[in-house]
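Notes follow the structure.
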């Protein structure tokens, strides 16, 4: 299988600098849906990452127990709550986001699974599915038919195995992931070292990142970054490729200062600004001056 390396030139082609005349109303609204008792940190990290990745507005939809946590930790993020205290049981909102990330820290309670299925029935917004959202999909493969075309799935290796089945070699794994992305018409972000992105049967190999990213919450942050880019009207393929690259670039920029051991998911968010500035330096038609 041909693998396309994601280079600085690839990113320069995709990335669009923020225009000087923009405002929060046209910069995109991202919605992050997830969390459960003991796992509110997941949507918190994801929401904060979305906010730090350029979208104008971010809303978190969480069970009631997460309301004060997120409102206190990230005052810039708006919060909607489920009717249930400890887990998501009914996904309903009146806002109109341009990108949605769902599944992080969500759990797999029966009511949560039902709410997720009902959400897929009506959703028309560009979507990123991670964590428990992927696990619910794996347990209910008929739900794949309900996915909006070009939905982004972000599995780690075990979640990928549940989605596409086992493999006997790396070559078979890649072939099955590519076929899955083509047959389901979705983007598969196969998280690992390195991370690969499969889109319409084509494979892209990310070139940024290092072992510091192997830390709790790293995937939640990636979901927030990609969802933010979707909300800013990047295509699903562009959002996945650019989001994964930026995610890895934060670790490349941070590790000389933090080392590997002390690097956390919050460090990724802390270095997002520096990562975007780095990308703007090799953007061929840079229009933003600082």
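Nothing in this text is a laboratory measurement; each read-out follows from the coordinates by a stated rule. Since we're looking at a predicted model, the values are computed, not measured. Glycine gets a Cβ as well: all are built from the backbone with ideal geometry, and neighbour counts include every protein chain shown.
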Based on the mean of other Cβ atoms within 10 Å per residue, sort peptides 164-174, 120-130 so the most packed one is first. 120-130, 164-174
Under a crude label model (7 Å from the Cα following the beta-carbon direction), how far is residue 146 from residue 162 in nanometres? 1.6 nm
Protection-proxy order for peptides 219-229, 85-95, 147-157, each taking the mean of Cβ atoms within 10 Å per residue, highest first: 219-229, 147-157, 85-95
Counting only Cα atoms, I'd like the Rg/Rh figure for the chain, Kirkwood definition for Rh. 0.94
Residue 21 versus residue 76: modelled label distance in nm, points set 7 Å from Cα along the beta carbon direction: 2.5 nm
Assign one of three labels to segment 1-142, namely rounded, prolate or oblate, based on the Cα gyration tensor with a ≥ b ≥ c the square roots of its eigenvalues; rounded applies when a/c is under 1.5, prolate when it is not and a/b is larger than b/c, and oblate otherwise. oblate
Cα-based Kirkwood hydrodynamic radius, segment 60-123, one decimal, Å: 12.3 Å
Helix-only [θ]222 nm of the chain, DSSP H runs n ≥ 4, -39500 (n - 2.57) each, per residue, nearest 500: -13000 deg cm²/dmol
Taking the alpha-carbon centre of each part, the distance from segment 92-118 to segment 5-49 in Å is 18 Å
Of the residues 259, 107, 54, which exhibits the maximal mean-square fluctuation in a Gaussian network model of the chain defined by a 10 Å Cα contact cut-off? 259
Going highest first, how would you order 195-202, 96-103, 12-19 by mean Cβ packing within 10 Å? 96-103, 195-202, 12-19
The chain: relative contact order as a whole-number percent, Cα under 8 Å and 6+ apart: 22 percent
Counting pairs of alpha carbon atoms under 8 Å apart in space and at least six apart in sequence, what relative contact order in percent does segment 131-290 give? 18 percent
The whole-number value in µm²/s of the Stokes-Einstein translational diffusion coefficient for segment 112-254, with Rh from the Kirkwood sum over alpha carbon pairs at 37 °C and 0.692 mPa s, is 216 µm²/s
